[in-house]
1. Most exposed first by the Cβ proxy, i.e. fewest other Cβ within 10 Å, how do ASP10, ASP427, ASP376, ASP205 rank?
2. With axes computed from alpha carbons, what is the tilt in degrees of helix 173-197 against the longest principal axis of the chain, rounded to the nearest 10 within 0 to 90?
3. Counting other C-beta atoms within 10 Å, which of SER339, SER278 has the fewest, and how do the rest follow?
4. Which lysines have a Cα less than 23 Å from the Cα of LYS225, not counting those fewer than 8 places away in the same chain?
5. Which lysines have a Cα less than 30 Å from the Cα of LYS104, not counting those fewer than 8 places away in the same chain?
6. Just for the chain, what percent of DSSP beta bridges are antiparallel, to the closest 5?
7. Using the alpha-carbon atoms, what tilt in degrees (0 to 90, nearest 10) does helix 239-249 show relative to the longest principal axis of the chain?
8. Indicate the gyration tensor shape class of the stretch 1-64 (rounded, prolate or oblate), computed on the Cα atoms with a ≥ b ≥ c the square roots of the eigenvalues: a/c under 1.5 is rounded; otherwise a/b larger than b/c is prolate and the rest oblate.
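The numbers here are math on the coordinates, done by the rules we state, and not lab data. All values reported here derive from a predicted model rather than from experimental measurement. A quick note on method: Cβ atoms are made from the backbone with ideal geometry, for glycine too, and the neighbour counts reach across all protein chains shown.
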Amino acid sequence: MSSGKILWVDDEIQLLKPHMLFLEKKNYEVTPCTNGADAVESVSEEQFDIVFLDENMPGLSGLETLARIKEKLPNLPVIMITKSEEEYIMEEAIGSKIADYLIKPVNPNQILLSLKKNLDNSRLVSEKTTSNYQQEFRKISLDLAMVNTYQDWVELYKKLVHWEIELESIADIGMTEILESQKEEANSQFFKFIKNNYRDWFHSDDRPILSHTLFKEVIVPQIDKDAGTLLVLIDNLRYDQLRVLEPIINQYYKSVEEKSFYSILPSATQYARNAIFSGLTPLEMEKKYPQYWKNDTDEGGKNMFENEFLTEQIKRLGLNLKHEYFKITAVNQGKELASNLAKIKNNDLTVIVYNFVDMLSHSRTEMDMIKELASDDKAYRSLTLSWFKNSPLLEIIQNAQKMGLKLIITTDHGTINTSKPSKVVGDKNISSNLRYKTGKSLSYNEKEVYEVKDPKEIMLPSLNISSSFIFAKEDYFFAYPNNYNHYVKYYKNTYQHGGISLEEMIIPCMTFEPK
């Protein structure tokens, strides 16, 4: 079986006979060609896997031949070979999307390496990735048995996300299924860890960075008053989603610090995001700012006073900051801000809350088309990346880079794809979220929840004297017994937040400086 069909174009092709013999011994089929016009005709009449193209030829030059080949077959890989090291030739060739660029004299192993990189790349990467994960699998399994601190859980989660993204590029379904199994086991262990330790974090100095300490402990030290700082909070953005957005951001910014922190419970917007901007726990918000705080069953928007909370926190910390706050919930708002970003150049801190990803997760629940486009975590990441590449947010980041602003990107909580229903019963005032419930007279399966009978122990307000909270574990979601089958079918395989999982609670805060 042939390793691949090569068209080799060079006006001195006879001098390359030893190279062609070497490749034929490696099972490649090599077709010689002495000029550009014949090369264009050959690719039109015969199917080749790759083209070696000399840059300096009489008649049609290498660059002209390249342009004509790409017009006919834009996806055919072409490797340019030249004696010239002039920069403009390299730039022209690279701009024409060549597969590789080799400078004469080339040796057979250089040629072979380039072929392997371009023809066998997917297979070699797949084999190497699979081999590496098989080795790492054992280490992750050992780590799962030993992990017992919040720092350990951050590192383990990052490792799982790394391999999840690595394995999505290969076609080995078996490896992906093994990783999914490890993630399930990790979330099971993580639930036990949170259940045993979360309450103590509010009564001890040995605790991770939490939502309500993020601004003071992480963001304030990074604010650059000389250059100005842009803080972008993308609602409901998971660590893996930010990881796939990072290469796009890195075209304009370089990463200088990455901190992971824990969302408070419930890992839901009205609790976690208000906590970030206020620097307070929900219980403290309710007591200190009753005019701004709303409980689950209260009418009206629950995140209407984020700017007021932020202003009060800046005052409380004694910071002399000129700041401005924007909330983007529609494309036209994002475009308007991108067009007028220069107006914020005198701010010490500009805060943007961007709501698209949260709307995407809710749309996925309600719209079959979105559900199909984001059928699993891989597709969900891909859809997020596609949105970001074409969003006003990217334009805002590009303009911020031109203005020399420092950039901080974070979120309030993550989300998890839920698959297992858990029955819950309560009175008519029970909260509606599918990953946590609060109210009185709650009835539930104790094995599937973290129950907090006295919300004040974890710094949460109570709806009334006998109210409690329950949080779903792993990928469970709550369903009422009434019309149970209908709701289970409707909400199964939807992205939800508010409960206890690595995806919802361990979230990133990344700082960038303009390139």
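1. If I rank by nearby Cβ atoms, fewest first, I get ASP205, ASP427, ASP376, ASP10.
2. Compared with the principal axis, the helix lies near 30 degrees.
3. On the way: SER339 13, SER278 27.
Lowest to highest Cβ neighbour count: SER339, SER278.
4. Those lysines meeting the cut-off are LYS216, LYS254, LYS259, LYS315, LYS322, LYS327, LYS343, LYS345, LYS402, LYS406, LYS515.
5. LYS5, LYS17, LYS25, LYS26, LYS70, LYS72, LYS83, LYS116, LYS117
6. DSSP beta bridges in the chain are roughly 40 percent antiparallel.
7. Taking Cα atoms only, the helix is inclined about 50 degrees.
8. Values: a/c = 2.66, a/b = 1.41, b/c = 1.88.
Judged from the Cα gyration tensor, the stretch 1-64 comes out oblate (a/c at least 1.5, b/c at or above a/b).
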